[in-house]
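Peer 1: Quick one: structure below, then a few questions.
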Amino acid sequence: MTTARTSDLWWKNAVVYCLDVETFLDWDGDGVGDIRGLTERIDYLAGIGVSCIWLMPFQPSPNRDDGYDITDYYGVDHRLGSLGDFVTLIRTAKDRGIRVIVDLVVNHTSDRHPWFREARSSPDNRFRDFYVWRDRPTRTQKASIVFPDAEDSIWAWDDKSEQFYLHHFYSHQPDLNIGNQQVRDEIAKVAGFWLELGVDGFRVDAVPFLIDTSEVPDVDLDPHEILKHLRSFISRRRGDGLLLGEVNLHPEQLIDFFGGEDADEVQLLFNFPLMEATWLSLARQDAGPIAEALRQTIEVSIDCQYANFLRNHDELTLDKLSEDERLEVFDAFGPEEDMQVFGRGLRRRLPSMFDGDDRRIRMAYSLMFSLPGTPVLFYGEEIGMGENLAIDGRMSVRTPMQWSDEENGGFSKARPSRLRRPVVEGRFGPLAVNVAAQRRDPESLLSWMERLIRRRRETPELGWGTWDVVKTNVSSVFAHRCDWEGRTVVAAHNLGEQPCVVRLQLGDVPKDGRLDDLLDDRGATALSDDGTLELKMDGYGFRWFRITTSEQHTPP
Ligand code: NOJ
(Lines give C-alpha, C1' and ligand atoms only; values in the text may rest on other atoms or scores of the structure.)
Protein backbone atom coordinates (compact mmCIF):
# COMPACT_ATOMS: atom_id res chain seq x y z
CA MET A 1 0.00 0.00 0.00
CA THR A 2 0.73 3.67 0.46
CA THR A 3 4.37 4.63 0.03
CA ALA A 4 5.09 2.28 -2.87
CA ARG A 5 2.19 3.75 -4.79
CA THR A 6 3.49 7.29 -4.38
CA SER A 7 6.22 6.61 -6.92
CA ASP A 8 3.65 6.43 -9.73
CA LEU A 9 2.67 10.07 -9.72
CA TRP A 10 6.09 11.06 -8.46
CA TRP A 11 5.37 14.79 -8.44
CA LYS A 12 2.57 14.42 -5.86
CA ASN A 13 5.07 13.71 -3.15
CA ALA A 14 8.01 15.63 -4.53
CA VAL A 15 9.87 18.53 -3.00
CA VAL A 16 10.73 20.88 -5.86
CA TYR A 17 13.69 23.28 -5.80
CA CYS A 18 13.80 26.09 -8.37
CA LEU A 19 17.12 27.59 -9.38
CA ASP A 20 18.74 29.64 -12.07
CA VAL A 21 21.98 28.11 -13.35
CA GLU A 22 23.56 31.52 -13.82
CA THR A 23 23.28 32.48 -10.14
CA PHE A 24 23.94 29.09 -8.51
CA LEU A 25 27.66 28.33 -8.78
CA ASP A 26 30.26 29.71 -11.16
CA TRP A 27 32.74 26.92 -11.84
CA ASP A 28 34.91 28.52 -14.50
CA GLY A 29 35.37 31.88 -12.77
CA ASP A 30 33.82 34.16 -15.39
CA GLY A 31 31.30 35.64 -12.96
CA VAL A 32 28.33 33.68 -14.32
CA GLY A 33 27.03 30.47 -12.80
CA ASP A 34 27.24 27.45 -15.04
CA ILE A 35 25.98 23.92 -15.54
CA ARG A 36 29.26 22.48 -14.36
CA GLY A 37 28.89 24.41 -11.10
CA LEU A 38 25.36 23.13 -10.62
CA THR A 39 26.49 19.58 -11.34
CA GLU A 40 29.11 19.94 -8.60
CA ARG A 41 26.33 20.91 -6.20
CA ILE A 42 23.92 18.07 -7.00
CA ASP A 43 25.16 16.24 -3.92
CA TYR A 44 24.31 19.28 -1.83
CA LEU A 45 20.77 19.20 -3.20
CA ALA A 46 20.52 15.46 -2.69
CA GLY A 47 21.76 16.03 0.85
CA ILE A 48 19.02 18.48 1.72
CA GLY A 49 16.55 16.02 0.28
CA VAL A 50 14.89 17.83 -2.60
CA SER A 51 13.59 15.33 -5.13
CA CYS A 52 13.13 17.52 -8.19
CA ILE A 53 14.93 20.57 -9.49
CA TRP A 54 13.27 23.09 -11.75
CA LEU A 55 15.74 24.94 -13.96
CA MET A 56 14.86 28.45 -15.03
CA PRO A 57 15.68 29.17 -18.69
CA PHE A 58 19.28 28.43 -19.68
CA GLN A 59 18.95 28.64 -23.46
CA PRO A 60 20.64 31.30 -25.62
CA SER A 61 18.99 34.63 -24.96
CA PRO A 62 19.73 38.34 -25.09
CA ASN A 63 18.67 38.21 -21.41
CA ARG A 64 16.38 41.17 -21.53
CA ASP A 65 13.98 39.17 -19.35
CA ASP A 66 16.57 37.05 -17.58
CA GLY A 67 16.33 34.24 -20.11
CA TYR A 68 12.54 34.24 -20.52
CA ASP A 69 13.30 35.62 -23.98
CA ILE A 70 14.78 32.75 -25.93
CA THR A 71 16.57 32.88 -29.28
CA ASP A 72 17.27 29.15 -29.70
CA TYR A 73 15.10 26.48 -28.11
CA TYR A 74 17.63 23.74 -28.81
CA GLY A 75 20.72 25.19 -27.24
CA VAL A 76 22.45 26.21 -24.04
CA ASP A 77 23.61 29.79 -23.43
CA HIS A 78 27.35 29.47 -24.13
CA ARG A 79 28.22 31.28 -20.87
CA LEU A 80 26.51 28.47 -18.96
CA GLY A 81 27.97 25.51 -20.80
CA SER A 82 27.03 23.17 -23.58
CA LEU A 83 24.46 20.49 -24.35
CA GLY A 84 27.14 18.01 -23.31
CA ASP A 85 27.32 19.64 -19.88
CA PHE A 86 23.54 19.50 -19.71
CA VAL A 87 23.47 15.76 -20.33
CA THR A 88 26.13 15.24 -17.66
CA LEU A 89 24.00 17.24 -15.26
CA ILE A 90 20.92 15.14 -15.98
CA ARG A 91 22.89 11.94 -15.61
CA THR A 92 24.34 13.06 -12.28
CA ALA A 93 20.98 14.19 -10.95
CA LYS A 94 19.35 10.90 -11.92
CA ASP A 95 22.12 8.97 -10.24
CA ARG A 96 21.37 10.85 -7.01
CA GLY A 97 17.64 10.24 -7.36
CA ILE A 98 16.78 13.79 -8.37
CA ARG A 99 14.43 14.57 -11.24
CA VAL A 100 14.89 17.62 -13.41
CA ILE A 101 12.20 19.77 -14.99
CA VAL A 102 12.93 22.79 -17.16
CA ASP A 103 11.04 25.93 -18.06
CA LEU A 104 9.08 25.69 -21.30
CA VAL A 105 8.80 29.29 -22.47
CA VAL A 106 6.75 29.11 -25.64
CA ASN A 107 4.12 31.80 -25.26
CA HIS A 108 6.68 34.09 -26.88
CA THR A 109 10.19 34.19 -28.24
CA SER A 110 12.81 36.90 -28.08
CA ASP A 111 12.44 39.45 -30.87
CA ARG A 112 15.92 38.27 -31.88
CA HIS A 113 14.77 34.70 -32.47
CA PRO A 114 15.38 33.75 -36.13
CA TRP A 115 11.63 33.09 -36.54
CA PHE A 116 10.79 36.66 -35.60
CA ARG A 117 13.64 38.11 -37.65
CA GLU A 118 12.26 36.25 -40.65
CA ALA A 119 8.66 37.07 -39.81
CA ARG A 120 9.22 40.81 -39.65
CA SER A 121 11.35 40.85 -42.80
CA SER A 122 8.25 40.89 -44.98
CA PRO A 123 4.49 40.24 -44.73
CA ASP A 124 4.76 37.26 -47.03
CA ASN A 125 7.66 35.58 -45.34
CA ARG A 126 6.89 31.96 -44.50
CA PHE A 127 7.38 32.67 -40.77
CA ARG A 128 5.02 35.63 -40.76
CA ASP A 129 2.18 33.55 -39.31
CA PHE A 130 4.35 32.31 -36.48
CA TYR A 131 3.36 35.58 -34.78
CA VAL A 132 0.16 37.62 -34.56
CA TRP A 133 -0.06 40.74 -36.72
CA ARG A 134 -2.66 43.50 -37.04
CA ASP A 135 -3.03 46.70 -39.03
CA ARG A 136 -4.83 48.24 -36.11
CA PRO A 137 -4.43 47.06 -32.52
CA THR A 138 -7.44 45.98 -30.50
CA ARG A 139 -8.02 47.93 -27.30
CA THR A 140 -5.74 46.78 -24.53
CA GLN A 141 -7.44 46.09 -21.20
CA LYS A 142 -5.30 47.56 -18.45
CA ALA A 143 -5.44 44.28 -16.54
CA SER A 144 -3.91 42.35 -19.42
CA ILE A 145 -0.64 44.31 -19.28
CA VAL A 146 1.76 42.19 -17.28
CA PHE A 147 4.58 44.72 -16.97
CA PRO A 148 2.86 48.09 -16.50
CA ASP A 149 6.16 49.79 -15.65
CA ALA A 150 7.42 49.26 -19.17
CA GLU A 151 4.41 48.72 -21.45
CA ASP A 152 1.07 50.38 -22.04
CA SER A 153 -0.28 48.09 -24.72
CA ILE A 154 -0.09 44.46 -25.77
CA TRP A 155 0.57 45.57 -29.35
CA ALA A 156 3.85 46.98 -30.67
CA TRP A 157 4.48 48.64 -33.99
CA ASP A 158 6.99 47.03 -36.28
CA ASP A 159 8.59 49.69 -38.45
CA LYS A 160 10.01 47.20 -40.84
CA SER A 161 6.86 45.41 -41.90
CA GLU A 162 4.47 48.20 -40.91
CA GLN A 163 2.06 46.26 -38.78
CA PHE A 164 1.47 45.75 -35.08
CA TYR A 165 2.45 42.49 -33.39
CA LEU A 166 1.04 40.94 -30.24
CA HIS A 167 3.11 40.71 -27.05
CA HIS A 168 1.55 40.06 -23.66
CA PHE A 169 4.86 40.57 -21.89
CA TYR A 170 7.63 42.99 -22.92
CA SER A 171 7.51 44.29 -26.49
CA HIS A 172 10.79 42.45 -27.12
CA GLN A 173 8.87 39.21 -26.45
CA PRO A 174 6.51 38.77 -29.42
CA ASP A 175 3.77 36.21 -28.76
CA LEU A 176 3.85 33.08 -30.87
CA ASN A 177 0.69 32.39 -32.85
CA ILE A 178 -0.65 29.30 -31.11
CA GLY A 179 -3.45 29.16 -33.65
CA ASN A 180 -0.90 28.09 -36.23
CA GLN A 181 -0.50 24.31 -36.42
CA GLN A 182 3.14 24.74 -37.47
CA VAL A 183 3.84 26.63 -34.25
CA ARG A 184 2.17 23.92 -32.20
CA ASP A 185 4.28 21.33 -33.99
CA GLU A 186 7.43 23.32 -33.22
CA ILE A 187 6.47 23.51 -29.54
CA ALA A 188 6.00 19.74 -29.42
CA LYS A 189 9.36 19.29 -31.14
CA VAL A 190 11.07 21.49 -28.54
CA ALA A 191 9.47 19.55 -25.67
CA GLY A 192 10.33 16.26 -27.34
CA PHE A 193 13.96 17.34 -27.68
CA TRP A 194 14.44 18.05 -23.97
CA LEU A 195 12.56 14.89 -22.98
CA GLU A 196 14.94 12.92 -25.15
CA LEU A 197 17.84 14.51 -23.28
CA GLY A 198 16.36 13.14 -20.09
CA VAL A 199 14.27 15.84 -18.46
CA ASP A 200 11.27 14.72 -16.41
CA GLY A 201 8.92 17.44 -17.50
CA PHE A 202 8.35 21.15 -17.76
CA ARG A 203 7.31 24.17 -15.80
CA VAL A 204 5.12 25.76 -18.43
CA ASP A 205 5.47 29.52 -18.52
CA ALA A 206 2.43 31.79 -18.77
CA VAL A 207 -0.10 29.06 -19.62
CA PRO A 208 -3.27 31.19 -19.90
CA PHE A 209 -1.52 33.49 -22.38
CA LEU A 210 -0.02 30.58 -24.26
CA ILE A 211 -3.36 28.98 -25.06
CA ASP A 212 -5.32 32.20 -25.48
CA THR A 213 -6.56 32.46 -29.06
CA SER A 214 -8.80 35.48 -28.58
CA GLU A 215 -6.43 37.83 -30.41
CA VAL A 216 -5.68 35.38 -33.18
CA PRO A 217 -7.83 36.16 -36.21
CA ASP A 218 -9.78 33.42 -37.99
CA VAL A 219 -8.95 30.71 -35.55
CA ASP A 220 -11.60 28.40 -34.28
CA LEU A 221 -9.72 26.42 -31.72
CA ASP A 222 -10.68 25.52 -28.17
CA PRO A 223 -7.73 26.79 -26.10
CA HIS A 224 -7.90 23.79 -23.78
CA GLU A 225 -7.60 21.43 -26.74
CA ILE A 226 -4.14 22.94 -27.25
CA LEU A 227 -3.14 21.99 -23.75
CA LYS A 228 -4.68 18.53 -24.06
CA HIS A 229 -2.66 17.91 -27.21
CA LEU A 230 0.55 19.04 -25.59
CA ARG A 231 -0.12 16.84 -22.57
CA SER A 232 -0.94 13.82 -24.67
CA PHE A 233 2.22 14.33 -26.71
CA ILE A 234 4.32 14.52 -23.53
CA SER A 235 2.65 11.40 -22.14
CA ARG A 236 3.25 9.48 -25.37
CA ARG A 237 6.92 10.38 -25.28
CA ARG A 238 7.27 9.87 -21.57
CA GLY A 239 4.50 8.35 -19.50
CA ASP A 240 5.34 10.13 -16.25
CA GLY A 241 6.43 13.41 -17.83
CA LEU A 242 5.20 16.35 -15.82
CA LEU A 243 3.59 19.62 -16.82
CA LEU A 244 3.70 22.12 -13.96
CA GLY A 245 1.65 25.10 -15.03
CA GLU A 246 2.03 28.75 -14.20
CA VAL A 247 -1.60 29.82 -14.07
CA ASN A 248 -2.31 32.76 -11.82
CA LEU A 249 -6.11 32.66 -11.76
CA HIS A 250 -8.98 32.28 -9.31
CA PRO A 251 -9.80 28.73 -8.10
CA GLU A 252 -12.77 28.15 -10.38
CA GLN A 253 -10.74 29.21 -13.44
CA LEU A 254 -7.62 27.40 -12.28
CA ILE A 255 -9.36 24.07 -12.16
CA ASP A 256 -10.04 24.11 -15.92
CA PHE A 257 -6.33 23.82 -16.59
CA PHE A 258 -6.25 20.37 -15.02
CA GLY A 259 -8.70 19.25 -17.68
CA GLY A 260 -11.59 18.64 -15.25
CA GLU A 261 -12.52 15.05 -14.52
CA ASP A 262 -10.54 13.81 -17.50
CA ALA A 263 -7.38 15.19 -15.87
CA ASP A 264 -5.80 15.38 -19.28
CA GLU A 265 -4.12 18.80 -19.22
CA VAL A 266 -1.60 20.04 -16.67
CA GLN A 267 -0.94 17.70 -13.72
CA LEU A 268 0.39 20.27 -11.29
CA LEU A 269 -0.62 23.92 -10.91
CA PHE A 270 0.78 26.58 -8.63
CA ASN A 271 -1.87 27.55 -6.10
CA PHE A 272 -1.50 31.33 -6.43
CA PRO A 273 -4.77 32.17 -4.61
CA LEU A 274 -3.74 30.12 -1.57
CA MET A 275 -0.28 31.70 -1.58
CA GLU A 276 -1.71 35.22 -1.63
CA ALA A 277 -4.20 34.43 1.13
CA THR A 278 -1.37 32.95 3.19
CA TRP A 279 0.46 36.27 3.05
CA LEU A 280 -2.66 38.13 4.11
CA SER A 281 -3.03 35.74 7.03
CA LEU A 282 0.62 36.18 7.95
CA ALA A 283 0.23 39.96 7.84
CA ARG A 284 -2.91 39.92 9.99
CA GLN A 285 -1.73 37.10 12.25
CA ASP A 286 -5.17 35.70 11.62
CA ALA A 287 -6.08 32.31 10.19
CA GLY A 288 -9.23 33.60 8.45
CA PRO A 289 -7.92 34.31 4.92
CA ILE A 290 -5.90 31.11 4.54
CA ALA A 291 -8.73 28.99 5.95
CA GLU A 292 -11.14 30.56 3.50
CA ALA A 293 -8.72 30.11 0.58
CA LEU A 294 -8.19 26.45 1.44
CA ARG A 295 -11.96 25.93 1.60
CA GLN A 296 -12.18 27.48 -1.85
CA THR A 297 -9.39 25.36 -3.27
CA ILE A 298 -11.23 22.85 -5.40
CA GLU A 299 -10.34 19.19 -4.86
CA VAL A 300 -8.96 17.71 -8.03
CA SER A 301 -8.72 14.31 -9.65
CA ILE A 302 -6.31 11.84 -8.06
CA ASP A 303 -4.07 12.37 -11.11
CA CYS A 304 -3.58 16.08 -10.42
CA GLN A 305 -2.35 18.30 -7.63
CA TYR A 306 -1.52 21.85 -6.55
CA ALA A 307 1.98 23.17 -5.99
CA ASN A 308 2.55 25.45 -3.01
CA PHE A 309 5.12 28.16 -2.56
CA LEU A 310 5.71 31.30 -0.52
CA ARG A 311 8.20 33.07 -2.76
CA ASN A 312 9.37 32.51 -6.29
CA HIS A 313 11.72 34.23 -8.69
CA ASP A 314 9.14 36.90 -9.60
CA GLU A 315 7.53 39.56 -7.46
CA LEU A 316 5.42 38.32 -4.57
CA THR A 317 2.24 39.03 -6.45
CA LEU A 318 -0.79 40.10 -4.44
CA ASP A 319 -2.97 40.74 -7.45
CA LYS A 320 -5.86 38.58 -6.25
CA LEU A 321 -6.29 40.53 -3.02
CA SER A 322 -8.48 43.61 -2.78
CA GLU A 323 -6.72 46.97 -2.79
CA ASP A 324 -7.12 47.28 1.01
CA GLU A 325 -5.85 43.77 1.65
CA ARG A 326 -2.86 44.37 -0.58
CA LEU A 327 -2.05 47.51 1.37
CA GLU A 328 -2.21 45.54 4.61
CA VAL A 329 0.42 43.14 3.28
CA PHE A 330 2.51 46.01 1.93
CA ASP A 331 2.32 47.75 5.33
CA ALA A 332 3.39 44.63 7.17
CA PHE A 333 6.11 43.34 4.86
CA GLY A 334 7.16 46.00 2.36
CA PRO A 335 6.10 49.48 3.42
CA GLU A 336 8.70 51.35 1.38
CA GLU A 337 7.92 52.14 -2.23
CA ASP A 338 11.21 50.66 -3.33
CA MET A 339 10.15 47.28 -1.92
CA GLN A 340 7.07 47.22 -4.13
CA VAL A 341 6.74 46.62 -7.83
CA PHE A 342 4.05 46.92 -10.52
CA GLY A 343 1.65 48.24 -7.89
CA ARG A 344 0.74 44.63 -7.09
CA GLY A 345 3.70 42.93 -5.48
CA LEU A 346 6.79 42.91 -3.32
CA ARG A 347 10.32 42.35 -4.51
CA ARG A 348 11.62 40.95 -1.25
CA ARG A 349 12.49 37.55 0.11
CA LEU A 350 10.72 36.09 3.11
CA PRO A 351 13.35 36.36 5.91
CA SER A 352 13.82 40.09 5.48
CA MET A 353 10.05 40.57 5.36
CA PHE A 354 9.97 38.87 8.76
CA ASP A 355 12.86 41.02 9.96
CA GLY A 356 14.92 37.86 10.42
CA ASP A 357 12.59 36.41 13.09
CA ASP A 358 13.67 32.80 12.99
CA ARG A 359 10.55 31.43 14.72
CA ARG A 360 8.28 33.13 12.23
CA ILE A 361 10.41 32.04 9.26
CA ARG A 362 10.24 28.38 10.33
CA MET A 363 6.53 28.58 11.05
CA ALA A 364 5.86 29.97 7.57
CA TYR A 365 7.82 27.19 5.83
CA SER A 366 6.28 24.52 8.04
CA LEU A 367 2.89 25.92 7.04
CA MET A 368 3.69 25.94 3.33
CA PHE A 369 5.07 22.38 3.48
CA SER A 370 1.96 21.15 5.28
CA LEU A 371 -0.53 22.56 2.78
CA PRO A 372 -2.20 20.01 0.52
CA GLY A 373 0.06 19.66 -2.50
CA THR A 374 3.67 19.75 -3.56
CA PRO A 375 6.04 22.26 -1.92
CA VAL A 376 8.28 24.35 -4.15
CA LEU A 377 11.34 26.15 -2.80
CA PHE A 378 13.29 28.91 -4.51
CA TYR A 379 17.07 28.53 -4.15
CA GLY A 380 18.48 30.18 -1.05
CA GLU A 381 15.23 29.85 0.90
CA GLU A 382 16.73 26.90 2.77
CA ILE A 383 19.36 29.17 4.33
CA GLY A 384 17.28 32.33 4.68
CA MET A 385 18.77 34.55 2.00
CA GLY A 386 17.47 38.11 1.67
CA GLU A 387 17.13 40.38 -1.34
CA ASN A 388 19.29 43.15 -2.78
CA LEU A 389 17.04 46.13 -3.42
CA ALA A 390 19.83 47.92 -5.24
CA ILE A 391 19.11 45.58 -8.16
CA ASP A 392 16.27 46.62 -10.44
CA GLY A 393 12.76 45.24 -10.29
CA ARG A 394 12.17 41.54 -9.84
CA MET A 395 15.88 40.73 -10.13
CA SER A 396 16.40 41.84 -6.49
CA VAL A 397 15.69 38.25 -5.36
CA ARG A 398 17.80 36.56 -8.05
CA THR A 399 21.18 37.19 -6.44
CA PRO A 400 24.06 34.69 -6.29
CA MET A 401 23.63 31.67 -4.04
CA GLN A 402 25.48 32.15 -0.74
CA TRP A 403 27.77 29.18 -0.25
CA SER A 404 30.26 30.60 2.24
CA ASP A 405 31.53 33.79 3.86
CA GLU A 406 34.28 34.12 1.26
CA GLU A 407 34.35 36.81 -1.39
CA ASN A 408 31.20 36.71 -3.57
CA GLY A 409 29.65 34.40 -1.02
CA GLY A 410 31.69 31.55 -2.51
CA PHE A 411 29.58 31.78 -5.68
CA SER A 412 32.44 32.80 -7.98
CA LYS A 413 36.18 33.46 -8.01
CA ALA A 414 35.70 36.37 -10.41
CA ARG A 415 36.18 39.99 -9.40
CA PRO A 416 32.93 41.23 -7.78
CA SER A 417 32.45 43.72 -10.60
CA ARG A 418 32.24 40.82 -13.07
CA LEU A 419 29.45 38.95 -11.31
CA ARG A 420 26.24 38.31 -13.21
CA ARG A 421 24.51 40.07 -10.34
CA PRO A 422 25.87 41.53 -7.09
CA VAL A 423 25.47 39.50 -3.90
CA VAL A 424 23.19 40.56 -1.06
CA GLU A 425 24.75 42.99 1.38
CA GLY A 426 24.39 43.38 5.13
CA ARG A 427 22.33 41.35 7.52
CA PHE A 428 21.20 38.71 5.03
CA GLY A 429 24.40 38.70 2.99
CA PRO A 430 26.94 35.86 2.83
CA LEU A 431 28.92 36.91 5.89
CA ALA A 432 25.88 36.20 8.05
CA VAL A 433 23.91 33.74 5.92
CA ASN A 434 25.69 30.94 4.09
CA VAL A 435 25.60 27.20 3.51
CA ALA A 436 29.06 26.42 4.93
CA ALA A 437 28.28 27.79 8.39
CA GLN A 438 24.74 26.45 8.55
CA ARG A 439 25.57 22.91 7.59
CA ARG A 440 27.88 22.69 10.60
CA ASP A 441 25.20 23.93 12.97
CA PRO A 442 22.44 21.47 13.88
CA GLU A 443 20.24 24.35 15.03
CA SER A 444 20.53 26.34 11.80
CA LEU A 445 17.70 27.03 9.37
CA LEU A 446 19.40 24.75 6.84
CA SER A 447 19.59 21.83 9.26
CA TRP A 448 15.99 22.40 10.26
CA MET A 449 14.91 22.66 6.61
CA GLU A 450 16.59 19.31 5.86
CA ARG A 451 14.52 17.75 8.63
CA LEU A 452 11.37 19.42 7.34
CA ILE A 453 12.00 18.18 3.81
CA ARG A 454 12.62 14.66 5.04
CA ARG A 455 9.44 14.75 7.09
CA ARG A 456 7.41 16.10 4.19
CA ARG A 457 8.62 13.26 1.96
CA GLU A 458 7.62 10.79 4.66
CA THR A 459 4.16 12.33 4.84
CA PRO A 460 2.42 11.46 1.57
CA GLU A 461 -0.97 12.21 3.14
CA LEU A 462 -0.23 15.88 2.38
CA GLY A 463 0.32 15.30 -1.32
CA TRP A 464 -2.20 12.55 -1.90
CA GLY A 465 -4.96 13.00 0.63
CA THR A 466 -8.21 14.89 0.85
CA TRP A 467 -8.22 17.91 3.10
CA ASP A 468 -10.35 19.84 5.55
CA VAL A 469 -9.92 23.00 7.54
CA VAL A 470 -10.06 22.19 11.27
CA LYS A 471 -12.09 24.42 13.60
CA THR A 472 -10.15 26.10 16.38
CA ASN A 473 -11.05 28.51 19.16
CA VAL A 474 -8.06 30.83 18.64
CA SER A 475 -8.17 33.16 15.65
CA SER A 476 -4.42 33.19 15.08
CA VAL A 477 -4.21 29.39 14.75
CA PHE A 478 -4.72 27.81 11.37
CA ALA A 479 -5.26 24.06 11.49
CA HIS A 480 -6.07 21.53 8.80
CA ARG A 481 -6.11 17.79 8.30
CA CYS A 482 -5.26 15.56 5.35
CA ASP A 483 -6.68 12.04 5.13
CA TRP A 484 -5.32 9.25 3.02
CA GLU A 485 -5.69 5.51 3.15
CA GLY A 486 -6.95 5.40 6.73
CA ARG A 487 -4.32 7.76 8.08
CA THR A 488 -4.76 11.36 9.10
CA VAL A 489 -2.22 14.12 9.39
CA VAL A 490 -3.13 17.22 11.36
CA ALA A 491 -1.12 20.42 11.25
CA ALA A 492 -1.57 23.51 13.40
CA HIS A 493 0.22 26.81 12.90
CA ASN A 494 0.10 29.78 15.20
CA LEU A 495 0.40 32.81 12.91
CA GLY A 496 0.47 35.09 15.93
CA GLU A 497 3.38 36.05 18.11
CA GLN A 498 1.48 35.35 21.35
CA PRO A 499 1.61 31.84 22.83
CA CYS A 500 -1.75 30.20 23.31
CA VAL A 501 -3.64 27.10 24.30
CA VAL A 502 -5.84 26.07 21.43
CA ARG A 503 -8.57 23.50 21.06
CA LEU A 504 -8.83 21.79 17.66
CA GLN A 505 -12.09 20.12 16.74
CA LEU A 506 -10.89 17.43 14.41
CA GLY A 507 -14.22 15.76 13.79
CA ASP A 508 -14.00 12.08 12.87
CA VAL A 509 -10.98 10.28 14.24
CA PRO A 510 -10.41 6.56 14.88
CA LYS A 511 -11.59 5.47 18.34
CA ASP A 512 -8.28 4.02 19.42
CA GLY A 513 -6.34 6.69 17.47
CA ARG A 514 -2.70 7.06 18.30
CA LEU A 515 -1.12 10.46 17.97
CA ASP A 516 2.45 10.82 16.76
CA ASP A 517 4.26 14.11 16.85
CA LEU A 518 5.92 14.45 13.45
CA LEU A 519 8.14 17.44 14.14
CA ASP A 520 9.68 18.24 17.48
CA ASP A 521 8.41 15.96 20.17
CA ARG A 522 6.81 18.20 22.75
CA GLY A 523 5.58 15.36 24.95
CA ALA A 524 2.37 13.40 24.90
CA THR A 525 -0.76 15.08 23.68
CA ALA A 526 -4.07 13.38 24.26
CA LEU A 527 -6.78 13.06 21.68
CA SER A 528 -10.23 12.81 23.19
CA ASP A 529 -12.85 10.44 21.83
CA ASP A 530 -14.94 13.27 20.44
CA GLY A 531 -12.02 14.30 18.22
CA THR A 532 -10.87 17.27 20.29
CA LEU A 533 -7.23 18.01 20.67
CA GLU A 534 -5.90 20.61 23.06
CA LEU A 535 -2.49 22.03 22.28
CA LYS A 536 -0.13 24.47 23.90
CA MET A 537 1.42 26.57 21.21
CA ASP A 538 4.33 28.97 21.34
CA GLY A 539 4.14 32.30 19.58
CA TYR A 540 4.68 31.39 15.91
CA GLY A 541 4.58 27.75 17.03
CA PHE A 542 3.70 24.84 14.78
CA ARG A 543 2.85 21.17 15.21
CA TRP A 544 2.25 18.26 12.84
CA PHE A 545 0.66 15.02 14.04
CA ARG A 546 -0.27 11.74 12.48
CA ILE A 547 -3.22 9.81 13.77
CA THR A 548 -3.05 6.09 13.16
CA THR A 549 -4.84 3.06 14.49
CA SER A 550 -2.95 0.50 16.51
CA GLU A 551 -2.62 -1.91 13.54
CA GLN A 552 -0.79 0.62 11.39
CA HIS A 553 2.94 1.17 11.31
CA THR A 554 4.11 4.74 11.50
CA PRO A 555 7.43 6.13 10.30
CA PRO A 556 9.89 6.89 13.12
C1 NOJ B 1 6.58 34.27 -16.05
C2 NOJ B 1 7.98 34.20 -15.53
O3 NOJ B 1 7.94 33.67 -14.22
C4 NOJ B 1 8.53 35.61 -15.55
O5 NOJ B 1 9.76 35.69 -14.88
C6 NOJ B 1 8.64 36.05 -16.98
O7 NOJ B 1 9.07 37.39 -17.04
C8 NOJ B 1 7.30 35.94 -17.70
N9 NOJ B 1 6.62 34.71 -17.43
C10 NOJ B 1 7.49 36.03 -19.19
O11 NOJ B 1 8.10 34.88 -19.67
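The values are calculated or read from the model by the stated rules, or taken from the named source; none is laboratory data. Everything numeric in this text was worked out from a predicted model, so none of it was measured. Positions of Cβ are generated from backbone atoms using ideal geometry, with glycine treated the same way; all protein chains shown enter the neighbour counts. Quick note on the areas: whole protein, heavy atoms, side chains included, nothing else; ligands and nucleic acids left out. Shrake-Rupley method; radii C 1.70, N 1.55, O 1.52, S 1.80 Å.
Peer 1: Give me a count of the residues in the range 397-421 that are of a type in the set (Gly, Ala, Ser) and over 22 Å from Leu446 (Cβ atoms).
Peer 2: Adding up the residues that qualify gives 2.
Peer 1: Tally time: how many residues in the range 111-155 are touching a helix residue (DSSP H, G or I) at 6+ places or on another chain (Cβ under 7 Å), more than 30 Å from Arg344 (Cα to Cα) and either within 16 Å of the ligand (Cβ to nearest atom) or part of a loop (DSSP other than H, G, I, E, B) (or both)?
Peer 2: 2
Peer 1: Let me confirm something: among Lys413, Lys471, which residue is open to solvent by 20 Å² or more (accessible area, probe 1.4 Å), outside any strand (DSSP E or B) and not polar (S, T, N, Q)?
Peer 2: Lys413
Peer 1: Considering only the range 282-304, I want to know if a residue exists there that is within 16 Å of the ligand (Cβ to nearest atom) and modelled with pLDDT of 95 or more.
Peer 2: Within the range 282-304, none of the residues are within 16 Å of the ligand (Cβ to nearest atom) and modelled with pLDDT of 95 or more.
Peer 1: For Glu162, which of the numbered conditions (1) over 19 Å from Tyr73 (Cα atoms); (2) within 29 Å of the chain's Cα centre (by Cα); (3) not aliphatic (A, V, I, L, M) fails to hold?
Peer 2: (2)
Peer 1: When you check Gly75 against the structure, is it at pLDDT 95 or above and under 21 Å from the mean Cα position of the chain (by Cα), yes or no?
Peer 2: Judged against the criteria, Gly75 is not a match.
Peer 1: Moving on to the next point. How about the range 204-249: which of its residues are away from the ligand (no atom under 16 Å from the Cβ), in contact (Cβ under 8 Å) with a residue 40 or more places away in the chain and either within 18 Å of Tyr306 (Cβ to Cβ) or of a type in the set (A, V, I, L, M) (or both)?
Peer 2: Residues satisfying the conditions are Val216, Val219, Leu221, Ile226, Leu230, Ile234, Leu242.
Peer 1: Here's another thing I want to ask about it. How about the range 59-75: which of its residues are open to solvent by less than 20 Å² (accessible area, probe 1.4 Å) and either of a type in the set (Asp, Glu) or more than 14 Å from the ligand (Cβ to nearest atom) (or both)?
Peer 2: Asp65, Asp66, Asp69, Gly75, listed by residue number.
Peer 1: So, one more: Identify, by number, the condition in (1) out of contact with any Ser or Thr (no Cβ under 8 Å at 6 or more places or on another chain); (2) within 16 Å of the ligand (Cβ to nearest atom) that Leu310 doesn't meet.
Peer 2: So Leu310 meets the others, but not (1).
Peer 1: To continue, here is another question. Of all residues in the range 322-340, which are open to solvent by less than 20 Å² (accessible area, probe 1.4 Å) and touching a helix residue (DSSP H, G or I) at 6+ places or on another chain (Cβ under 7 Å)?
Peer 2: Scanning the range 322-340 gives Val329, Phe333, Gly334.
Peer 1: Anything in the range 156-173 that is within 16 Å of the ligand (Cβ to nearest atom) and among the hydrophobic types (A, V, I, L, M, F, W, C)? List them, or say none.
Peer 2: The answer is Ala156, Leu166, Phe169.
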